[in-house]
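Working notes, beginning with the structure itself.
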Amino acid sequence: HILYVEGQYRGPLYPRTITANGLMVLHSRYAHDANGRTVITNQLDTFIEVQNVGADLVAKTFQNVFGHTTDHNFTETAGFVSKLSKAVEDNPQGIQRMAAKLTMLDPQARARFAQVAAQVTHPAPGEDDQPAGTTTATPTRGTSMRR
């Protein structure tokens, strides 16, 4: 998966607004553990380009800040997805009830969530080789910035 992002920073580290573009590349690997469950390992590489002239020092500072923040958020998200996957396996009826209570979610997204959750416990014919799995996150190995 490749994600292109555009953003701005306004804050105490730099007096002017900093504009940047980013590219994130998600690498996913699939394997089976000793119990036959699918284990998905993800790695996210990020690349940032700062647009502002004179922001070299800030760009170097942001490289570490952005990298650490991205690593943390990515690891937390992967952990959430892993726990949700486990909950679907352990309590499929409870997840279906929870899906019905997500009233602030777009109805189509809610229905799709319930459908995917049902597929985890009852895969469609031909999909039984892709059981629910555990997701792990590897911190970004290639955070780089350039101006």
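The values are calculated or read from the model by the stated rules, or taken from the named source; none is laboratory data. Since the model is a prediction, treat every value here as computed from it, not as a measurement. Here the Cβ positions follow ideal geometry from the backbone for every residue, glycine too, while neighbour counts run over all protein chains shown.
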Within the range 24-44, count every residue that is assigned to a strand (DSSP E or B), over 14 Å from the mean Cα position of the chain (by Cα) and surrounded by 12 or more Cβ atoms within 10 Å (Cβ to Cβ). 3
Looking at this structure, is residue 77 at pLDDT 85 or above, surrounded by fewer than 17 Cβ atoms within 10 Å (Cβ to Cβ) and either out of contact with any Cys (no Cβ under 7 Å at 6 or more places or on another chain) or outside any loop (DSSP other than H, G, I, E, B) (or both)? yes
